[in-house]
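K.L.:
Provided herewith is a single structure, encoded as structure tokens, for subsequent inquiry.
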Amino acid sequence: KDSQSLVWRLKLLVPFLEEIREVNSPISQNGLSCLRNLKNSLLSAKKLLKYCNFGSKIYLVSGLARLLSLLYFMLFTNKLNQALDALPYDELDISEEVKEQDIELAMDMLVVCNTNDDRNADSAIIERLAKKLEVRSVADLRVETAAIRRLIKDNGGHTTKNVRQILDLLGKFKEIAGIDEKDVLDGSVLSKSLEKYPSLHIPHEFLCPITLEIMTDPGIIATGQTYERESIQKWLDSNHWTCPKTGQTLTHLSLAPNYALRNLILQWCKKNNYELPKKDSYTVSNRSSVELQEELYSLVQDLSSSQSEVQKKAVMAIRMLSKENPDNRILIAGSGGIAPLVKLLSYLDLKVQEHVVTALLNLSIDEANKRLIAREGAIPFIIQILQDGTDEARENSAAALFSLSMLDENRVIVGSFNGVLPLVNLLRNGTIRGRKDAATALFNLCLNQGNKSRAIKAAIIPALIKLVEDRNFGMVDEALSILQLLASHHEGRNEIGQLSFIKTLVDVIQDGTPKNKECATSLLLELGLNNSSFTLAALQYGVNDHLIDIVRWGTTRAQRKANSLFQLISKYEHIP
């Protein structure tokens, strides 16, 4: 577990190391010294991993050796983190995207784990998280499931709030991977059909790699791998172009029946008196699919009707159909539904606008639809509704801009059509839900450098500071995460670093929630790395003692940031 955790951290450094390799400008002696420290840290990590891999496993898990190995892992992790935090990123010309990976990951977790929102989590965020955490393939998900089961077992079988959030996120990862498995807590690693035949061993090649169920209708994809037809079709219908088992890109999406394997399965079932699970017949499911496509096509046609009532009913129906079912989002877009919906964004009836923008929000959860919606020119109209619509329409417009801005090119479009200012206004004056939607949209937009300047000019920083100071809004983490992004901008850094706000940060580090403390420590470190006066001010407000508590009891990320802050503080302790 410790080795896997260290390897995962090292893999996250790959984009950063690739950028360093391309640096052509001269590097100062301080920069070279920092790089040498990083190299030494990486070599130490490599040595430790080799020792764990080739050393005696029995010895490593024995009493004293286990204690020493835990200590070594902690020391090497801290050494690596300190080496990274000390690097002169500006001198090395590291892109903001690479530097801000850590903040982006934390914010994605915050959004996906928000259980107070009844809207669907954006699949693009879940995809991005799955990619960063390396839990995308069926094999990865099996390993992660087993690890979580061990975690629950070690916890005495209790499911705390944190564990429930982990289980919920794992379920979302499985959903986008096309795995239909509801009960992660079930200790069985094999299919549910085995519950009836506990002593029977089903040949591994008869099980679908996605569901781990025995296959009733095996189909072959372009890579030559075989899956249960229904399961792989769900995977392909979710806009996946890779083989779930091998990760290879598919040259085509055709499915060929594997008659030879099906015959072997039937022979084995007959010999072992095993009854194959019953499935709905192909003709019934196919007919219902055809009926649904016809219904959606008819609704899309009604969007262009000359009768306003017909249009309204069609919009409301599409809003509902696009909310829950991922397949419907693809079918609506495939039926040409996005273009007429975009035209209706300029409808004079505010309630119709509300239904339209919400339908587009639902459709935008599908990544391919994000591009289609932007291509049809929806963004300026959504920004207009954000300014002038009903409260619900403004909330959903902000949520739609958040969803669309998952794509880099859409962040540029939103910024160029002056979408940042109305989002800041909603952050300042909106409903609680509106403020949260505005915050998540602004976080995404501020990953673009040009939008950082726009947000600062729109007076976002005073609005964010107010949300940190007034904890009744319940948005401390979101506000601090955006402020950390803006702290990389020189104007933003100077505005954030007021003495009164440094004291607020120290107060949050002292008595905030674990996540509050993590975000406040991260922001203080970002400020201190660029201006020593911020670190000195925090020292005067007594941050030292609070950081000691975080190193002992804080979240993993908070501990890492606190240790880096201690390293920074050590440079100024001699100053009276």
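K.L.:
Which distance in Å, rounded to a whole number, links the C-alpha centroids of segment 311-388 and segment 474-497?
P.N.:
Cα centres, segment 311-388 to segment 474-497: 33 Å.
K.L.:
Follow-up. What shape does segment 430-520 have by the C-alpha gyration tensor, where a ≥ b ≥ c are the square roots of the eigenvalues, rounded means a/c under 1.5, and otherwise prolate means a/b greater than b/c and oblate the rest?
P.N.:
oblate
K.L.:
Over 27 Å between Cα atoms: which of Lys131/Lys436; Lys172/Lys503; Lys47/Lys161; Lys503/Lys561; Lys79/Lys503; Lys39/Lys517 fall into that group?
P.N.:
Lys172/Lys503; Lys47/Lys161; Lys79/Lys503; Lys39/Lys517
K.L.:
Oh, and also: Which order do you get for Tyr274, Tyr259 if you rank them by accessible area with a 1.4 Å probe, largest at the top?
P.N.:
Heavy-atom accessible area, descending, gives Tyr259, Tyr274.
K.L.:
Separate question: Using a probe of 1.4 angstrom, how much of the accessible area of segment 344-472 is carbon and sulfur, in percent?
P.N.:
Here it works out to 52 percent.
K.L.:
For Cys243, what accessible area in Å² do you get when you roll a 1.4 Å probe over the heavy atoms of the protein chains, rounding to the nearest 10?
P.N.:
Spelled out: Cys243, probe radius 1.4 Å, area about 0 Å².
K.L.:
Taking 8 Å as the Cα distance limit and 6 or more residues as the minimum spacing, I'd like the relative contact order of segment 497-546 as a percentage.
P.N.:
Over segment 497-546, the number comes to 43 percent.
K.L.:
Still on this structure, I have one more. Given the Cα-Cα distance of Val412 and Asp168 and 0.36 nm per residue of separation, how much length would full extension add, in nm?
P.N.:
Gain on stretching Val412 to Asp168: 84.6 nm.
K.L.:
How large is the accessible surface of Phe173 in square angstrom, using a 1.4 angstrom probe and rounding to the nearest 10?
P.N.:
Per-residue accessible area (Phe173): approximately 10 Å².
K.L.:
Let me ask you something else. Which one, Val508, Ser488, Gly554, projects farthest toward the positive side of the charge dipole computed for segment 488-560 from Cβ point charges (K/R +1, D/E -1)?
P.N.:
Gly554
K.L.:
Given a 1.4 Å probe and the protein chains all in place, what does the accessible area of Val135 round to, in Å² to the nearest 10?
P.N.:
Val135 has an accessible surface of roughly 10 Å² with all protein chains in place.
The values are calculated or read from the model by the stated rules, or taken from the named source; none is laboratory data. Keep in mind the model is a prediction, meaning the values are calculated, not measured. Reconstructed Cβ throughout: ideal geometry from the backbone, glycine too, with neighbour counts over all protein chains shown. With ligands, DNA and RNA removed, areas are computed over all heavy atoms of the protein, side chains included. Shrake-Rupley method; radii C 1.70, N 1.55, O 1.52, S 1.80 Å.
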